[in-house]
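The values are calculated or read from the model by the stated rules, or taken from the named source; none is laboratory data. Predicted model only: the values in this text are computed from it and were never measured. FYI the Cβ positions are ideal-geometry reconstructions off the backbone, even for glycines, and counts take in every protein chain you see. Areas reflect the complete protein model, heavy atoms only, side chains present, ligands, DNA and RNA absent. Shrake-Rupley method; radii C 1.70, N 1.55, O 1.52, S 1.80 Å.
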2 protein chains.
Amino acid sequence: VRVEIVAIGTELLLGQIVDTNSATIADELARCGMDCNFQTRVGDNHARIVSALRIGLDRADAIIVCGGLGPTQDDITREAIAEVMGVELRRDSMALEHLERIFSSYRMEMPESNLRQADVPAGAVLIPQLTGTAPGLICPVGDGVIYAVPGVPAEMEEMLTTAIIPDLQARSGDQAVIASRTLRTVGIGEAKLSELVAPRLEALDREGAGAPTIAFLANLAEGVKVRITVKAPDKASANRRLAVEEAAVREILTDAVYGLDDETLESVIGALLRERGLTLAVAESFTGGLIASRIVAIPGASAYFRGGIVAYDPEVKFSLLGVPRGPVISEDAAVAMAEGVRKLLGADVAIATTGVAGPAREEGQEPGTVFLATALSGAASIATAMTVVGSRSRVRDVGALRALNLLRRRLLLA
Amino acid sequence: VRVEIVAIGTELLLGQIVDTNSATIADELARCGMDCNFQTRVGDNHARIVSALRIGLDRADAIIVCGGLGPTQDDITREAIAEVMGVELRRDSMALEHLERIFSSYRMEMPESNLRQADVPAGAVLIPQLTGTAPGLICPVGDGVIYAVPGVPAEMEEMLTTAIIPDLQARSGDQAVIASRTLRTVGIGEAKLSELVAPRLEALDREGAGAPTIAFLANLAEGVKVRITVKAPDKASANRRLAVEEAAVREILTDAVYGLDDETLESVIGALLRERGLTLAVAESFTGGLIASRIVAIPGASAYFRGGIVAYDPEVKFSLLGVPRGPVISEDAAVAMAEGVRKLLGADVAIATTGVAGPAREEGQEPGTVFLATALSGAASIATAMTVVGSRSRVRDVGALRALNLLRRRLLLA
């Protein structure tokens, strides 16, 4: 099926908001093998919304309209869809009950203006709303269909996966289950990674239509994600096929794979520390708190994270961490920082970073020169050197990512 | 003038990339008082690009096309525009020279495929390219015009401000200069802020067309930006009018204004520390390195930043920072942390954070409970308490922002 996306809101046209909803919907459509050839953004203007919907219906089988379902006078998506359908709005008793329930749960009186959210085009089917006040709509128009969802990302996503995608599949007569699994990797660049996976991609190509698909998505702070998607007659066979494909990709990428789906490097590290009953300390120079901040982002980090030292001034490295006086941008200094912070904060394991984030050279070394180290109680410390190309913020992000990965690898062996 | 934006790229339609270019262009058009009623995204498909351009030219005076000017076979924007113009592509000698110059400056031979970037629709005017390989294009079509710019944000922005906006102004017969100034604020929410500025907005409304406009833009990590835009016959009178309006807004918002245009809270703090010849240390609990990381993001921070302690475990607060044993989520603990880190790292001034980021309660206190403190050599310490509503990451972001603001205010008095 061909699906178009129409995002509604004058704030989008003024550039006050970046339209992430369209990207989320497009990604989900692509994952499910549905074509999306056009996306349109239009303001809170009745005639223009109607025109955008009509143009879309001429080109595609379905339109997903995002936004303009709120209670204010600016929210006119319902009226525009009704015009395109050639029907009137009517007050829906189920939607009204839902609104009343929501407001009474907040012990608030419902403002008159919210009543509009219960007005739906005649012939539309409601998509139930779990958290917000605006129901979604499934609106048949001739052979086509317009889906309307709120602009609030969480509400939109819920309706997309629970109602719209299944409805689109049913319309296309497609009974298949689409399932994905994302392998998260770190330490291999996107180009090298797709080179490594290329033979597997070719094998899947030879399998032809219906073979699993593999997509790559790079992120500076998280590494490259490898998403495997399969289409199968039922959930059980989808999961079996995913498991086979996951094993094949894991065999190629081995321990560059650090997690699955929503796992992050810091959540994986947290789980490893818990399993092994170890506590962590960090010492940071050029990363300046980025690593500590990522560790603390995980709820429950207090079970294993002692704390960190941002030793930005060399004097802090000498006096607090016991780094020997001399150059501080070196493997030796990184090791001394890791060992020093481990002892100072009474932790079992520690990581440390030192380097030149730029833009200027330091100690005669180029921006991007980075040294990382781990220290583990009762074991020899390990250090590594690398060069990161790019801006000050890129050097810091990549440095933090690689330091976390060094820690993960160390914990796997611990 | 009415301008539409067409963003080109299959990766946009697959949701692999969020289209930030359209938002940047839309923001600049709005700032210059030009209407943008529709934005379209379309993939690397000749017929669909042609159709999107034709639909746009029917509705608007000008189209800005973004992307598809690269050297690969996927980059077909030039061909699509030529078809809409009803002309052929011809190889442009200036564009060719530019390409040859770029490759020879890299000491690289130019790949055959890059020659395509010198092919432009007959009748198009080139927009010179400073950094990349693809020139921009100004393509007249009847009474309308199509502008083509590369998808690389920095290259797009440069062409937008230096060539496209002036050309649009010239076409509309508008000789006016448009200038903006952004006041950055912290500590007042967007709703309260617009309430405070409302009387000024009403006064500007009464002035009628040609009066300065004021727009608000909220950001969790940076506070609310207040952008003043004026349109005037020349640059000097634009600047005079901006100065008047800036003074009026500053009188309303007083010291909630921390900076102008590209200044950040951390760059302003850096400048204050330099001016006063003071050094800084930070002690963080629930913010866990966020504050240190923002301080270190400023190039040259080594001139005033000593370092930080992420005292996540209470034991680190007691043993390293000298916080008295007992509850650590309190004003007293925040003050002890600030004073402790100031002395430990030998700094003149320090800030500290302690609180409950959530999701669980701690020490019987609700998530969002936050205590901040500053310590200054030879002066009494100052602490403050606040409650932040929202997720763990929101509590941490807002806590860091408010702590930085507390430091700024302290430095202003120092």
Considering the alpha-carbon set of segment A:10-60 alone, what are its Rg and its Dmax in angstrom?
12.4, 33
Tell me, what % of the accessible area of segment B:22-93 is carbon and sulfur with a 1.4 angstrom probe?
42
With the convex hull built on the alpha-carbon atoms of segment B:75-186, volume per residue in Å³ sits at 150
List the residues of segment A:34-52 for which accessible area in the full set of protein chains is at least 40 Å² lower than for the chain on its own; 1.4 Å probe, protein heavy atoms only.
A:ASN37, A:PHE38, A:GLN39, A:ARG41, A:ARG48
Can you grab the distance from the C-alpha centre of segment B:310-374 to the C-alpha centre of segment A:66-129, Å, no decimals?
48
1.4 Å probe, heavy atoms, protein only - residues of segment A:389-410 losing at least 30 Å² accessible area vs chain alone
A:ARG392, A:ARG396
Dipole of chain B, positive direction: furthest Cα of B:SER302, B:THR24, B:THR161, with charges on the beta-carbon:
B:SER302
Given 10 °C and 1.306 mPa s, compute D for segment B:227-297 with the Stokes-Einstein relation, Rh being the Kirkwood radius over Cα pairs; round to the nearest whole µm²/s.
106
Does segment A:135-180 come out rounded, prolate or oblate, given a ≥ b ≥ c as the square roots of the eigenvalues of its C-alpha gyration tensor, rounded meaning a/c under 1.5 and, failing that, prolate meaning a/b above b/c?
oblate
May I ask you to report, in nm to one decimal and beginning with the shortest, the distances from B:GLU112 to the same position in the other copies, taking label points 7 Å along Cα-to-Cβ?
7.3
Translational diffusion coefficient (Stokes-Einstein; Kirkwood radius from C-alpha pairs) of segment A:364-414 at 4 °C, 1.567 mPa s, in µm²/s
109
Of all lysine pairs in the protein assembly as shown that are eight or more residues apart or on different chains, those with Cα atoms under 15 Å apart total 4
If you build the convex hull over the alpha carbons only and average its shadow over all orientations, what do you get for segment A:322-367? Give it in nm² to one decimal.
3.4
When A and B pair up, the total accessible heavy-atom area removed from solvent (1.4 Å probe), in Å² to nearest 100, is 4600
Residues B:GLU263 and A:SER319, FRET efficiency given R0 of 41 Å [Cβ-Cβ distance, rounded to 0.05]
0.80
For a test of the definition: using alpha carbon positions, the gyration tensor, and the 1.5 limit on a/c, classify segment B:305-414 as rounded, prolate or oblate.
oblate
Placing a label point 7 Å from Cα toward Cβ, how far apart in nm is B:LEU412 from its equivalents in the other copies, listed shortest first to one decimal?
5.1
Per q in 0.18, 0.20 1/Å, what log10 I(q)/I(0) does a Debye calculation on the alpha-carbon atoms of segment B:57-139 return?
-0.74, -0.90
Ignoring ligands and nucleic acids, A:SER319 exposes an accessible area, probe 1.4 Å, in Å² to the nearest 10, of 80
Would you mind working out the magnitude of the charge dipole of the protein assembly as shown relative to its Cα centre, with +1 at each Lys and Arg C-beta and -1 at each Asp and Glu C-beta, to the nearest 20 Debye?
2180
Scan chain B for the residue whose Cβ is closest to the axis carrying it onto chain A, then write down that distance in whole angstrom.
B:GLY289, 2
Averaged over every viewing direction, what's the projected area of the C-alpha convex hull for segment B:204-245? Give it in nm², one decimal, please.
3.5
For segment B:116-262, what is one quarter of the convex hull surface built on the Cα atoms, given in nm²?
11.3
Cα gyration tensor shape of chain B, rounded if a/c is under 1.5, else prolate or oblate by comparing a/b with b/c:
prolate
Rounded to the nearest 10 Å², what accessible area does A:SER391 have for a 1.4 Å probe in the complete protein model?
60
Net charge near A:ARG2: determine it from the other residues with C-beta under 10 Å of the C-beta of A:ARG2, scoring Lys and Arg +1 and Asp and Glu -1.
-2
Over all residues in B:318-331, what is the mean tally of Cβ atoms on other chains that come within 10 Å of each residue's Cβ?
1
With each run of n ≥ 4 DSSP H residues scored as -39500 (n - 2.57), what mean residue ellipticity at 222 nm is computed for chain B after dividing by its residue count and rounding to the nearest 500 deg cm²/dmol?
-12500 deg cm²/dmol
With N residues in segment A:194-329, Rg(alpha-carbon) / (2.2 N^0.38 Å) equals 1.47
So, in nm and shortest first, the distances from A:ASP205 to its counterparts in the other copies, with label points 7 Å along Cα→Cβ, work out as 6.2
The size of the Cβ-based charge dipole (Lys, Arg +1; Asp, Glu -1) of segment B:1-144 about the Cα centre, to the nearest 20 debye, is 100
Cα convex hull of the protein assembly as shown: how many Å³ per residue?
194
Tell me the volume per residue, in Å³, of the convex hull enclosing the alpha carbons of segment A:254-355.
105
For chain B, with every protein chain kept in place, what is the accessible area per residue (1.4 Å probe, Å²)?
41
On the protein heavy atoms, probe 1.4 angstrom, tell me the percent of accessible surface of segment B:308-414 carried by carbon and sulfur.
52
Once the Cα atoms of helix A:93-105 and of chain A are each reduced to a long axis, what angle between those two axes, in degrees from 0 to 90 to the nearest 10, is obtained?
40
